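Written out below as structure tokens is the structure these notes cover.
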Amino acid sequence: MKTELNFTDHDAFYERLIAAHHGLDEAQSAQLNARLLLLLANQVGDGAVLAECVDAARRLFGPYSPPEA
Amino acid sequence: MSDTALQPGGYILPEYEFTAPGDLTADEVRRYPVVIVGAGLSGLALACDLAERGVATVVLDDDNTIGVRGASSRGIVYAQKTLEMMDRLGIYERIRAKGVVWSVGKTLAGSEVVYEFDASSTSDSRQPPFINLQQFYLEWFMVDRVIEIGRTDLRWKSKVVGFETLADGARIEVETPAGRYVLEADWVCDCSGVNSFIRDCLRLDTHQARGIDRWCISDVRFKEPLPIERWTWVEAPFNDNRAVWQHLMADDVWRLDFQMGPETDIEHVSRPEVAAERVRRQLGEDVEFELVWVGPYSYRAQLIDNFRAGRTLFLGDSAHAMSPFGARGGNSGIQDADNLGWKLALVLSGRAPEALLDSYSAERRPAAQFNIMTTRRTARFLQPESPAEKLLRDAAISLAKEHPFARSLCNTGRLSNSYIYGQPPTSRAQRHKVRGVAVGEAVQNVPVGLPDGQAGTLVDLFRNGPAFVGIWSGALPALAAAVIRLANREAPVLRMLELGRAALGLSVLEDPAGKLGAALGAARGKPIFWLLRPDMHLAARIENPDAAKVSRALRGALHGRLQPERA
Ligand SMILES: Cc1cc2nc3c(=O)[nH]c(=O)nc-3n(C[C@H](O)[C@H](O)[C@H](O)COP(=O)(O)OP(=O)(O)OC[C@H]3O[C@@H](n4cnc5c(N)ncnc54)[C@H](O)[C@@H]3O)c2cc1C
């Protein structure tokens, strides 16, 4: 998992992401995020990197038990 | 799981007579080499396999017919590896004639197809990827075959009610219409299904996990021609946006399987008029149909820690249970028998050590674990357990309509393939680089020219001959003398052949279509030896082989070891 900056233009990305949520209600925004998540995950592809990302995102909320492979 | 009978649906099933066995009146307790408990898919496949290998068995079953009482069918989809075994056992032609061959599967959300596969493109086997057939027909064919071979003592209406482990076997108490008796067995194969009495007597933990999902099957007969494909709706508008299966079986009967809400009143939804109304919503008001059978079910996952407990071996649902998604239950029970049969036969004849039987559990338990994991993932996709899960599923479905990658995420069942023994599942996904089958993987039943000049398929080499088949390719003639000596010495357990060209003086296996060479990963001019086990899984692949290396690989295989590539 990359933790150093890897965007070609991070500010532009952030602004675009916010813009994409514009005019959506909470449910639609959640749906947009979920779609985006799956699209991005497919760009990453690598299972080990994705697992690290999932774990890193979850860290805020304490431990969880990943499914047995 | 409960199975409720509605009506026989026009199926006329055989009933088998109970014949009082001599044990009932004998003065002493009789002892048998192998007793199989349960005449379901697993028990019958094992009895049939052992009979083919010349091993006599006693089979005890508490019922006097095939299938589940009430003429229902549970399993419907039989996968290629199962069908290949049935070819070896001599009943494939009947399955082919009665069943429905299919290869296209579609996943729908609403009225849109979001995912589609055609399994026929990856197959060089004589057997198609799948045949649909009511489970009781397959059981019926196996019973007929077992009777035809004539080595199996099939005892109907014989319920195991007592079980005691002995140092060298077990003592079993049997209840029959003519009273109780006791018999002893050197080896017991428990194939008595998900509620196994023997397993529970031995207090083996099944690590049970029950699913909350509820389903209701409605098998129907109707004239409307539908495509002979497997259709699965993740969200069917005609079933309150819950899942539905649509699949053709033999006798023009369709399996329609409806997902119910978790809180459903099962009694109510299985009432014929309620079931008929559901079917009408799917097919339309003006389609005439006949309800053949209605039955609700739920599922659970179970897995015991070791499929061998001394002289008792566990096969099929008694060892492992899973949800039906992906048709893995019956197929894996049959493949348990495919794995165990030859091992038990070799141990009984003294040609292999008892340790070989440990490899049965070592190989089949990971296969079951893999099946449980795979079916669990499907179950979870079909029954999201939280709003967050539902959100992710909605995202996957909506993306699937636009982007190919997301179609694969719509998991309505991953149909069963044969398992690759001895490899962690992760390396399975990565092993595309390897040419030909990997060690531990099954070779498909590809066409070959048999040594007697007949056209045949790989399975033909495994019918009556000795256990293993060894194939030489590109061998140096200088090895001939040592190889022939080896061939003579190991003849009872190993039959050796040469691929395409006689350099060693062994019989020649022709490969006119090049399918076997491709399956094995043969390379022109490169000397390679392949050792195939009786279940057609590759036991060893040896580059630059000689008689000593082959002999070592065979010894290893007789101890249940696979020879890693390039070892
Ligand atoms: C809805 C549904 C759909 C399915 N679809 C498929 C599918 O498409 N493909 C697939 O491969 N699998 C499928 N399965 C799973 C499949 O039906 C089972 O995995 C399979 O029947 C297991 O076979 P078995 O021989 O291990 O056990 P069983 O079929 O349960 O046989 C056990 C036998 O033992 C006998 N018995 C039990 N106790 C005793 C006793 N004490 N003494 C003597 N005899 C006893 C029973 O009468 C029975 O005959 C499906 C299951 C369900 C519920």
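Taking the criterion of being in a loop (DSSP other than H, G, I, E, B) and open to solvent by 30 Å² or more (accessible area, probe 1.4 Å), the only residue of region B:101-122 that qualifies is B:Ser111. Restricting to region B:40-69, give me the number of residues that are away from the ligand (no atom under 12 Å from the Cβ) and either open to solvent by less than 10 Å² (accessible area, probe 1.4 Å) or touching a strand residue (DSSP E or B) at 6+ places or on another chain (Cβ under 6 Å) (or both). Looking only at that region, the number is 5. Among the candidates B:Ser111, B:Ser103, B:Ser73, the residue that is of a type in the set (S, T, N, Q) and either near the ligand (Cβ under 9 Å from one of its atoms) or within 14 Å of chain A (Cβ to nearest Cβ) (or both) is uniquely B:Ser73.
Can you go through B:Glu354, B:Glu402 and tell me which one is within 14 Å of another protein chain (Cβ to nearest Cβ) and surrounded by fewer than 16 Cβ atoms within 10 Å (Cβ to Cβ)? The match here is B:Glu402. Looking across B:Ala513, B:Ala522, one residue alone is touching an Asp or Glu at 6+ places or on another chain (Cβ under 9 Å), of a type in the set (Gly, Ala, Ser) and surrounded by fewer than 19 Cβ atoms within 10 Å (Cβ to Cβ). It is B:Ala513. All told, B:Ala368 falls short of being part of a helix (DSSP H, G or I), over 13 Å from the mean Cα position of the chain (by Cα) and modelled with pLDDT of 95 or more. You will find that of A:Ser29, A:Ser65, the residue that is within 14 Å of chain B (Cβ to nearest Cβ), open to solvent by less than 80 Å² (accessible area, probe 1.4 Å) and hydroxyl-bearing (Ser, Thr, Tyr) is A:Ser29 and no other. Would you mind stating whether B:Asn339 is away from the ligand (no atom under 16 Å from the Cβ), more than 14 Å from chain A (Cβ to nearest Cβ) and polar (S, T, N, Q)? Criteria not met by B:Asn339. Could you tell me which residue of region B:186-230 is nearest to the other protein chains (Cβ to nearest Cβ), considering only residues that are of a type in the set (Asp, Glu) and within 12 Å of the ligand (Cβ to nearest atom)? For region B:186-230, the residue satisfying everything is B:Asp213.
Condition check ((1) assigned to a strand (DSSP E or B); (2) touching a strand residue (DSSP E or B) at 6+ places or on another chain (Cβ under 7 Å); (3) open to solvent by 20 Å² or more (accessible area, probe 1.4 Å)) across all residues:
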position: B:Asn195; (1), (2), (3): no, no, yes
position: B:Arg199; (1), (2), (3): no, yes, no
position: B:His207; (1), (2), (3): no, yes, yes
position: B:Trp215; (1), (2), (3): yes, yes, no
position: B:Asp219; (1), (2), (3): yes, yes, no
position: B:Glu224; (1), (2), (3): no, no, yes
position: B:Ile228; (1), (2), (3): no, yes, yes
position: B:Val234; (1), (2), (3): yes, yes, no
position: B:Ala243; (1), (2), (3): yes, yes, no
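The values are calculated or read from the model by the stated rules, or taken from the named source; none is laboratory data. All values reported here derive from a predicted model rather than from experimental measurement. Neighbour counts run over all protein chains shown; Cβ positions are idealised from the backbone, glycine included. Surface areas here come from the heavy atoms of the whole protein model, side chains and all, with no ligands, DNA or RNA. Shrake-Rupley method; radii C 1.70, N 1.55, O 1.52, S 1.80 Å.
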